[in-house]
There are 2 protein chains.
Amino acid sequence: MLGKDYDGQDCSLARTLETVGERWTMLIVRDAFFGVRRFNDFQAHLDIPRAVLTERLNGLVDDGILIRVPDPDHAGRHVYEMTEAGRDLWPVVHALLVWGRRHRHSGSRVYLHAACETELDDGGACPACGLTPEPEDVLSAPIVKSRREDAVAVALRARHRLLEPLAT
Amino acid sequence: MLGKDYDGQDCSLARTLETVGERWTMLIVRDAFFGVRRFNDFQAHLDIPRAVLTERLNGLVDDGILIRVPDPDHAGRHVYEMTEAGRDLWPVVHALLVWGRRHRHSGSRVYLHAACETELDDGGACPACGLTPEPEDVLSAPIVKSRREDAVAVALRARHRLLEPLAT
DNA sequence: CAGCCGAGTTCAATCACCGAACTCATGTCA
DNA sequence: TGACATGAGTTCGGTGATTGAACTCGGCTG
């Protein structure tokens, strides 16, 4: 990946970036947290060239972030699901969201601890419980309607738990 | 940056990636936390093409992550220093380091709370004090000697505070 | 059986990245 | 003062990645 794999940088940050550092990859991971699981849904929501999406999804599968599993509803198709290693990227995604919210523009959704519906703090912890919830226990709650009108953007207007498959 | 700036992704994560999502950028930021401040030091430590380094440093300056200030010791030269917005990237850098350490290879240094020399937990907090130290109060403590022999890699073999200028 | 849909693959043009060589201002030493 | 070194870039030809549009293919759907 990335042309030349940051050879010689023996640092765990460089190793991480070899997996999630390419253009589009982190947005695919974000969408996977949002519950996107099908090729065309990623494509429609990200406006990513199909060839690149294929390459990135294969890369993420090879690197153990996603698994491709048969779609129970449609023979011959499959969906991309997040692995444990993928879920462990939640702190990275959250840290990027927090920085952007503070320094770029004020975010279009908030993230709540599903158990008590308290907004997570910048460290990803629930200020009420003191716990740092796993992504499965985080609720995405939109506060501004996005301008996009693709099926995924529309489905994302509802409050829902991370990693819960989106109904599109 | 990034060819096409993730147009239409009105999400703070996409906005963040427009600033730090390109190849090399995050490694430059990491090195800036390590105290690297001069063009040739970045170049030597990263093995990045000089033209690309110029482009990235200018981008980071334009985006308010670094500032270019006159070098007090050498007329006509300057150094790149981290801004407040740059410091706020520490949680992102730390999250990437933590993921790589867990899922790729077991890191070559640990990060300690300078005040009590306790190793930070995965959330970046000090388990002893309960505080989440600012990067200035984090100590980088090498545990494995890197294979690299450039001046920066050598200087990084000593324990030091983040953001403290490296003596090279 | 004709057409649709999801999930890709192929392809030419464009853009970014690479490494090596070149520039140019300052600093150092004889 | 002249010769050379060093830091910080710039320039440039070649290579590899990204883009958007068009094409393929297998499983439904009517």
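Each value in this text was obtained by applying a stated rule to the coordinates, not by laboratory testing. Note that the coordinates shown come from a computational prediction; the quantities given were computed from them, not determined experimentally. Cβ atoms come from the backbone with ideal geometry, glycine included; neighbour counts cover every protein chain shown.
Some observations on this one:
- Taking only the alpha carbons of the range B:41-132, we obtain Rg and Dmax values of 16.5, 46 Å in that order.
- Between A:Val110 and B:Thr118, the FRET efficiency from the beta-carbon distance, with R0 = 41 Å, is close to 0.80.
- Point-charge dipole on Cβ atoms (K/R +1, D/E -1) for the range A:1-153, about Cα centre, debye to 20: 640
- Sorted by Cβ density within 10 Å, fewest first, the residues A:Arg37, B:Arg161: B:Arg161, A:Arg37
- Cα shape, the protein assembly as shown, gyration tensor, a/c 1.5 rule: prolate
- Positive-end residue, chain A charge dipole about Cα centroid, Cβ charges, pick of A:Ile65, A:Ile48, A:Ala85: A:Ile48
- Take B:130-136, A:66-72, A:30-36 and order them by the average number of nearby Cβ atoms within 10 Å per residue, most first; the result is A:30-36, B:130-136, A:66-72.
- Multiplying the residue separation of A:Asp5 and A:Ile67 by 0.36 nm and subtracting their alpha-carbon distance yields 20.0 nm.
- Modelled FRET efficiency - R0 30 Å, B:Arg102 with B:Asp137, Cβ distances, 0.05 increments: 0.80
- Descending principal axes extents, the range A:62-111, alpha-carbon based, whole Å: 45, 22, 16
- Look at where the Cα atoms of the range B:147-168 and of the range B:32-82 average out, and the two centres are 16 Å apart.
- Radius ratio Rg over Rh of chain B, counting only Cα atoms, Kirkwood formula for Rh: 0.96
- Two-site label geometry, B:Phe39 and A:Ala153: point separation in nm, points 7 Å out along Cα→Cβ: 4.2
- Global form of the range B:87-152, assessed from the alpha-carbon gyration tensor, a/c cut-off 1.5: prolate
- Remark: relative contact order (chain A) = 21 percent; criterion is Cα-Cα distance under 8 angstrom and separation of 6 or more residues.
- Seen from B:Pro142, the other residues with C-beta closer than 10 Å to its C-beta sum to a net charge of +4, counting Lys and Arg as +1 and Asp and Glu as -1.
- Listing B:Cys126, B:Cys116 from fewest to most neighbouring C-beta atoms within 10 Å gives B:Cys116, B:Cys126.
- Per-residue mean of C-beta atoms belonging to partner chains within 10 Å, peptide A:19-27: 5
- Per-residue ellipticity at 222 nm from helix content only, as computed over the protein assembly as shown with -39500 (n - 2.57) for each DSSP H run of at least four residues, stands at -10500 deg cm²/dmol.
- Packing-based exposure ordering (other Cβ within 10 Å, fewest first) of A:Leu53, B:Leu97: A:Leu53, B:Leu97
- Dividing the convex hull volume of the alpha-carbon atoms in the range A:1-100 by its residue count gives 110 Å³ per residue.
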